[in-house]
Amino acid sequence: MWRFHCVSLLVAFSISTAAAARKDILLPGEEWAEELPHDFISGESCPSPDPALYYQPVIGIVTHPGDGATGRLSNSTDTSNIPASYVKFVESAGARVIPLIYNEPWDVISEKLELVNGVLFTGGWANEGLYFETIKKVFEFTLARNDAGDHFPLFAICLGFELLSMIISQDHDILEHFMAQNQASTLQFANISEIQGSVFERFPSELLRKLSAECIVMQNHREGLSPRRLQANDALSSFFKILTTSTDEINEVYISTAQAYKYPITCFQWHPEKNAFEWGSSLIPHSEDAVRVTQLVANYFISEARKSLNRPPAQKVRDNLIYNYSPTYGGKAGLYLQTGHWPWLFTHGVRHLLWNI
Ligand SMILES: *[C@@H]1O[C@H](CO)[C@@H](O)[C@H](O)[C@H]1NC(C)=O
Ligand SMILES: *[C@@H]1O[C@H](CO)[C@@H](O)[C@H](O)[C@H]1NC(C)=O
């Protein structure tokens, strides 16, 4: 620890000296000799950040019922969890996380919603009861925030997308069965010339090409929505534009990425967070290209959150950050190999989280 501190201090020192002394970089074998010019000391040469953006974004992640480990860690009906991968996904792009504990009273959840700049719905299995109701209310909050003039993004992943399909269509049976559990797949773009303004807009063309030809995204679902089913439903087809489709093990086509026409809402049937941060299934793609997919998707999400106008009080944010909860390592029993879902744990009143490394 001490050694690490020394090293980072040294690095920080030499970088600031280098930047301060000259406008170019220090090459191997060179030394800085000049006086520090005034503008470098004061930092006046650094371009000021875009004042329209917020550089301390916070994302609310709704917890999912259960311990995420089939009762191995907790059988309490109060327990809920967030897989650590989603937290790392958000943090890797420069934001912090406030957990929205799904079974807390709605006024507690709505107070926490006042502290965030966007929300994320995770994967999982729960599709009814209080969890469904909480997801619905957070979704309605998201629409209202945007209707009121904020830019308040929502990312809905796997189950999150399925729940939004049910909520928007007002049909609990809208989903169809697919064979896409524990499967790496491609993404087929509905119309590659229309990715501007979408999560794919900043993907290099070479990576877009790979996405459509190589299995570098991870699927883990038994339900989904075919393009046909979406198009036949007025509520869904007027809400969502299809960005990509994928094919399951028996060649059935489902929507793998969709985006709301009028809201900064993106839905994924696949798992952008897994490539960089989950290790339970050997089929999860971990190539450099696959990891870039995780990073580019996370960067897009948080770039959207920076556009939010919400400026929550710093102390209230700190009081509710996920750093107030200690993570618990739960990846040793091998159970996760079957489910592909791994937890980060909350029991009402008990503050612990589960790392899924
Ligand atoms: C939860 O219940 C199951 C089944 O009864 C049991 O095997 C398991 O040990 C329980 N878990 C905990 C953490 O007590
Ligand atoms: C794809 O999008 C472009 C730009 O909006 C449009 O001109 C073109 O007709 C679309 N192609 C198809 C097949 O829909």
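The values are calculated or read from the model by the stated rules, or taken from the named source; none is laboratory data. Note that the structure is a prediction, hence the values are computed from the model and not measured. A quick note on method: Cβ atoms are made from the backbone with ideal geometry, for glycine too, and the neighbour counts reach across all protein chains shown.
Remarks
- Condition met for LYS88 (under 19 Å from GLY124 (Cα atoms) and charged (D, E, K, R)): yes
- Hits in the range 198-239 - residues which are free of Cβ contacts under 8 Å to residues at least 40 places away in the same chain and either small (Gly, Ala, Ser) or not in a helix (DSSP H, G or I) (or both): PRO204, SER205, SER212, ALA213, ALA232, SER237, SER238
- For the range 183-197, a residue qualifies if it is touching a helix residue (DSSP H, G or I) at 6+ places or on another chain (Cβ under 7 Å) and either aromatic (Phe, Trp, Tyr) or more than 16 Å from ligand 2 (Cβ to nearest atom) (or both), and the qualifying residues are THR186, LEU187, PHE189.
- Of the residues making up the range 63-85, those that are within 14 Å of TRP125 (Cβ to Cβ) and either small (Gly, Ala, Ser) or away from ligand 1 (no atom under 16 Å from the Cβ) (or both) are THR63, HIS64, GLY66, GLY68, ALA69, GLY71, SER80, PRO83.
- Any chance SER198 is hydroxyl-bearing (Ser, Thr, Tyr), over 16 Å from VAL293 (Cα atoms) and surrounded by 15 or more Cβ atoms within 10 Å (Cβ to Cβ): no
- Residue count, the range 118-131 (criterion: under 19 Å from GLU104 (Cβ atoms) and buried (at least 16 other Cβ atoms within 10 Å of the Cβ)): 7
- Of all residue pairs spaced 6 or more apart or on separate chains, those with beta-carbon atoms under 7 Å, a first member in the range 281-295 that is more than 12 Å from MET218 (Cβ to Cβ) and a second member that is hydroxyl-bearing (Ser, Thr, Tyr) are GLN295/SER92.
- Odd one out for VAL87 among (1) touching a Phe, Trp or Tyr at 6+ places or on another chain (Cβ under 8 Å); (2) part of a loop (DSSP other than H, G, I, E, B): (2)
- Subset of the range 198-214 (residues that are within 14 Å of ligand 2 (Cβ to nearest atom) and out of contact with any strand residue (DSSP E or B) (no Cβ under 8 Å at 6 or more places or on another chain)): GLU201
- Residue within the range 135-144 that is under 16 Å from PRO264 (Cα atoms), more than 16 Å from ligand 2 (Cβ to nearest atom) and not hydrophobic (A, V, I, L, M, F, W, C) present: yes
- Condition check for PHE89: in contact with an Asp or Glu (Cβ under 7 Å, 6 or more places away or on another chain) and modelled with pLDDT of 95 or more: yes
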